[in-house]
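Report on one structure; see the data block that follows.
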Amino acid sequence: MMVAVVFGFYACGEKKNEEVTTETSTEGTTMVSSMGASSDTTLPTVTATSLAVATKSTTTMALTWTAAVDETTLAANMVYRVFYATSAKLDTVENAESNGTAANEYTAGMTSLTVTGLTAATTYYFNVVARDEAGNKVIYKTVSAATSAAATTTTTTTTTTTTTTTTVVAPTHTAASVAFTDTDTTVGKVGGTISIVKASDESDVVSYEVYWGSSQTVKLSGSTSLGSVVASGGNGALTVTAATAIPTSAVYILVFTKNSAGEMSTGVSTPIADTVPIVLFNAGLVATNFGGRTQGNSLCSTARTASASYSLWSCTNVKAFLSVSASDQLVDMPTNYSVPTNKPIVSPTNVTIESAWANLFDGSVLSSLGTAGGVIPSGDSWLSGSTSAGAHNKSCTGWTLGTGGGLNAEAGTHNVTNSGWIDFGGSSCQSS
């Protein structure tokens with residue numbers, strides 16, 4: 001029996017840009033108030049959505065925003081006042097001034113402020129009013145965030161001494177989920193937005209740390225964080241700049257929760273959309289004199305097209321998974337046939353056989369072909385023509401010999417994960 005491989009190569013699939021929906025808010029252009037007898041009634045212009053929570057603690061929130069622009073008032077003379085509340089009614093200048101607590105007096109030229117005296121583990125709403133020299137006022141878009149939970153304190157009392165121990169432990173809650181849609185159309189590069197659904201309980205979460213992953217649970221060795229998203233009481237997002245190269249062996253994006261004690265050991269993951277796997281599939285029974293590389297590739301392409309499920313794959317780089325000669329052997333297929341080296345090898349049922357091409361030839365695989373499903377039937381062997389290292393060995397004279405030659409066809413078997421999966425022993429050349 002012969003088995004073939006579908007390569008996730010440049011022609012595979014289509015990339016679809018993520019649909020972006022915008023929501024119009026009245027915040028950012030709310031109220032005109034006049035002070036004095038100025039003829040200037042034009043509102044300053046602000047980037048309403050620029051107001052953000054930069055950092056937080058149990059009793060403070062650090063806010064930042066982009067400076068307002070006015071036709072007559074210089075940026076250095078524009079004044080700002082921050083309001084906060086435990087309800088969301090800060091959406092207009094009037095509501096902010098009547099429902100909110102002022103964190104400062106109007107101050108010229110400021111674009112950041114740390115609000116103090118807050119209560120731990122409490123959700124607060126913030127907004128900023130900008131005022132020009134004519135007294136015209138405009139408000140930004142309300143943001144909200146929860147202050148960090150207070151540290152756990154254990155007190156032990158004796159008749160003579162009191163010992164207070166404060167213990168902060170790493171988070172115990174993961175993000176609910178993470179998703180990523182690649183909007184970059186270049187193969188091997190990505191761009192887009194990583195969307196993070198917040199943890200069900202953020203009381204011990206300060207931030208969400210984003211990494212490349214070599215698997216669903218393991219960070220890519222040697223890589224640094226892609227970025228950090230502050231835990232703000234709502235879902236978060238991190239932008240990946242277009243044309244960001246995918247590191248070798250990176251196949252997932254991982255997110256871990258973090259606080260001052262460190263990161264949670266368990267995270268959540270999502271596959272990198274650009275990573276299309278290499279698929280091994282069953283091309284049917286053939287005689288050993290099927291005709292060499294060209295005919296073997298043709299048999300595999302025919303089998304893929306004929307199968308209702310295999311034909312759904314859009315990959316066009318279909319090759320017979322076997323060695324034919326010393327110059328055409330499995331280990332050299334990345335060089336000879338542009339096989340990607342950093343993509344996982346899976347069965348038609350999406351069971352991972354190995355995480356990368358080179359790992360197929362290191363003496364073992366993650367799943368036997370029989371267990372993976374859809375590669376070879378249980379109890380069967382397959383023609384490899386290869387040693388366990390992927391080098392050419394016995395191939396019935398380049399798969400042209402039907403009879404004779406003794407045990408002249410190297411074969412693998414269905415039920416092992418050791419080197420026997422590809423190099424189980426010789427088989428006779430057969431013409432039927």
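The values are calculated or read from the model by the stated rules, or taken from the named source; none is laboratory data. Since the structure is predicted, the reported quantities are computational estimates derived from the model, not experimental observations. Cβ atoms come from the backbone with ideal geometry, glycine included; neighbour counts cover every protein chain shown. These area figures cover heavy atoms from the full protein model, side chains too; ligands, DNA and RNA do not enter into them. Shrake-Rupley method; radii C 1.70, N 1.55, O 1.52, S 1.80 Å.
Between residues in the stretch 317-345 that are within 21 Å of THR288 (Cα to Cα) and open to solvent by 30 Å² or more (accessible area, probe 1.4 Å) and residues that are of a type outside the set (A, V, I, L, M, F, W, C) and part of a helix (DSSP H, G or I), which pairs lie under 7 Å by C-beta distance while being six or more apart or on different chains?
Close Cβ pairs (under 7 Å, with a partner that is of a type outside the set (A, V, I, L, M, F, W, C) and part of a helix (DSSP H, G or I)) amount to LYS319/ASN297; LYS319/TYR337; SER325/GLY398.
Out of everything in the stretch 53-75 that is touching a residue at least 40 places away in the same chain (Cβ under 8 Å), more than 24 Å from SER203 (Cβ to Cβ) and more than 31 Å from the chain's Cα centre (by Cα), what residue ends up being surrounded by the fewest Cβ atoms within 10 Å (Cβ to Cβ)?
THR72
Might you let me know whether the stretch 281-290 holds any residue that is modelled with pLDDT under 90, touching a helix residue (DSSP H, G or I) at 6+ places or on another chain (Cβ under 6 Å), surrounded by 15 or more Cβ atoms within 10 Å (Cβ to Cβ) and polar (S, T, N, Q)?
yes
Could you say which residue among ALA120, ALA145, ALA134 is in contact (Cβ under 8 Å) with a residue 60 or more places away in the chain and either acidic (Asp, Glu) or part of a strand (DSSP E or B) (or both)?
Step by step, each of ALA120, ALA145, ALA134 is checked, and only ALA145 is in contact (Cβ under 8 Å) with a residue 60 or more places away in the chain and either acidic (Asp, Glu) or part of a strand (DSSP E or B) (or both).
Give the residues of the stretch 377-427 that are hydroxyl-bearing (Ser, Thr, Tyr), in a loop (DSSP other than H, G, I, E, B) and in contact with a strand residue (DSSP E or B) (Cβ under 7 Å, 6 or more places away or on another chain), sorted by residue number.
The answer is SER384, THR417.
Report those strands (runs of 3 or more DSSP E) wholly inside the stretch 164-273 carrying at least 3 residues which are under 29 Å from VAL143 (Cβ atoms) and of a type in the set (Gly, Ala, Ser).
189-197, 236-245
Would you check which residues across the stretch 87-96 are modelled with pLDDT under 95 and either open to solvent by 70 Å² or more (accessible area, probe 1.4 Å) or closer than 16 Å to THR60 by Cα (or both) and list them?
LYS89
I need the full set of residues from the stretch 386-415 which are open to solvent by less than 20 Å² (accessible area, probe 1.4 Å) and at pLDDT 85 or above, in order please.
Within the stretch 386-415, SER386, GLY390, SER395, CYS396, GLY398, TRP399, ALA409, GLU410, ALA411, GLY412, THR413 qualify.
Do we find that TYR80 is at pLDDT 95 or above, open to solvent by 20 Å² or more (accessible area, probe 1.4 Å) and either within 23 Å of SER207 (Cβ to Cβ) or part of a strand (DSSP E or B) (or both) in this structure?
Here the answer is no, as TYR80 does not meet what is asked.
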